[in-house]
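Report on one structure; see the data block that follows.
Bear in mind these aren't lab numbers, they're just calculated from the coordinates by the rules spelled out. Just so you know, these numbers come straight off a predicted model, no measurement behind them. Quick reminder, even Gly has a Cβ in these numbers, built from the backbone with ideal geometry, and neighbours come from all protein chains shown.
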Amino acid sequence: MFTRAEEGYSLKKFNVIGASYKNVGLKGMKNSLFSFLSEIIPAAKQRGVLKCIHLDVSSFSYV
């Protein structure tokens, strides 16, 4: 289902992939975010890279 960003997406494929998230819900979005962060934050910290999340990320505007 996932495509490497370098390969790009057609508009049709982008819409199909986006539709797969339709029923994820707030809990699913939070779980996905926390899972992602738990993987990248330790690696970033080891390398001295700071990470942040912008409050205006549209997917989380209702959180």
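The calculated FRET efficiency for the pair LEU26 and LEU50, based on their C-beta separation and a Förster distance of 35 Å, comes to about 0.85. Straight-distance candidates among the lysines for linking to LYS51, with alpha-carbon spacing under 20 Å and chain neighbours fewer than 8 residues away dropped: LYS30.
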